[in-house]
Amino acid sequence: MHNKAERLKKMKPMPLGNLSDEQRDKLPPGQALTEKFPILHEGDVPEYDMQEWTLRIFGEVEETVTFSYEELLSLPTVTVDCDIHCVTRWSKFDTTWEGILFRDFLKLLKVKPEAKYVMFHADPDYDTNVPMEDLLRDDVMLAYKFNGEPLTKKHGWPLRTVVPHRYFWKSAKWLRGIEFMKEDRPGFWEKNGFHNEADPFKEQRFSGEALPIPEDEWTRKEYD
Ligand SMILES: Nc1nc2c(c(=O)[nH]1)N[C@H]1C(S)=C(S)[C@@H](COP(=O)(O)O)O[C@H]1N2
Ligand SMILES: [Mo]
């Protein structure tokens, strides 16, 4: 059993600093604002041969399909501005992502009507689940650019999901597969003590047990 959830529950509070009223309103409870961009993941940053790389669509679909990177880049793009919130208590405001709107991408797939949940499969050995309903919003995307530049390797190049209204662990870096499912199933962190729904404004951090104390674990992570 992974002990990250247990560890986070024991951490100390982070001062809020000098936030404007507007910033305080945008900041979910128990979060601290950062200008930097922390880098968080399990395992090593993957290396890819982009001629070999594919995104695989499977599960409750009429047809399993794969997309090459080139094919994805040729699809219509959207730019999304959003705030992101990590369960380790950092939030970053006004991030800009470019890529494919998930709702638009769905139109290219023959997803069966009974598909109510999605599992995002990512390297190395990462997955995370999100209800289909959540993915239809106008800020959920498959992103390949951050602040006008291609994603950096550490932030998920070549492709990641961005699901801004959930804690950031639901936004899979190094995305390789999208599985449509009839029934919900927990992903990596959801199996390891984290909340299935992960709404930052409801502070849905952990499964079971009452709310933990704030902590400063993220301040000790790598940034860029
Ligand atoms: N493939 C993969 N995606 C992942 C993770 C991971 O370990 N592997 N960690 C998640 C977590 S916990 C967070 S907070 C964000 C961090 O994204 P960042 O490094 O770009 O800030 O990625 C999420 N996506
Ligand atoms: Mo995270």
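The values are calculated or read from the model by the stated rules, or taken from the named source; none is laboratory data. Predicted model only: the values in this text are computed from it and were never measured. All Cβ positions, even for glycine, are placed from backbone atoms using ideal geometry, and neighbour counts span all protein chains on display. In case anyone asks, the SASA skips ligands and DNA or RNA and just uses the protein heavy atoms, side chains included. Shrake-Rupley method; radii C 1.70, N 1.55, O 1.52, S 1.80 Å.
Multiplying the residue separation of Ser207 and Lys191 by 0.36 nm and removing their Cα-Cα distance gives an extension gain of 4.8 nm.
Short-range pairs are left out: with C-alpha atoms under 8 Å and at least six residues apart, the relative contact order of the range 95-216 is 28 percent.
With each label modelled as a point 7 angstrom along the Cα→C-beta vector, the Asp139-Glu42 pair spans 2.7 nm. Count neighbours as other Cβ atoms within 10 Å of each site's Cβ, and list the GluC sites (Glu not before Pro) in the range 87-144 that are DSSP loop with at most 15 such neighbours. When the GluC sites (Glu not before Pro) of the range 87-144 are filtered for loop state and at most 15 Cβ neighbours within 10 Å, Glu114 remain. Cα-Cα pairs above 22 Å in the range 1-131: how many percent? Counting every Cα pair in the range 1-131, those more than 22 Å apart make up 57 percent. Rolling a 1.4 Å probe over the protein heavy atoms leaves Leu40 with an accessible area of roughly 40 Å². When the square roots of the Cα gyration tensor eigenvalues are ordered a ≥ b ≥ c, the ratio a/c for the range 118-164 is 1.5 or more and a/b does not exceed b/c, which makes its shape oblate. Note on His165: accessible area approximately 30 square angstrom, rounded to 10, probe 1.4 Å, nucleic acids and ligands left out. Taking all protein chains as they are arranged and a probe of 1.4 Å, the heavy atoms of Glu70 leave approximately 150 Å² accessible to solvent. Largest to smallest in accessible area, the residues Glu6, Glu62 fall in the order Glu62, Glu6 (1.4 Å probe, all protein chains included). Across the range 144-224, the fraction of Cα-Cα pairs farther apart than 17 Å, rounded to a whole number, is 60%.
With contacts taken as Cα pairs under 8 Å at a separation of at least 6 residues, the range 66-145 carries a relative contact order of 30 percent.
By the Kirkwood approach, averaging reciprocal distances over each pair of separate Cα atoms, the chain gets a hydrodynamic radius of 18.0 Å.
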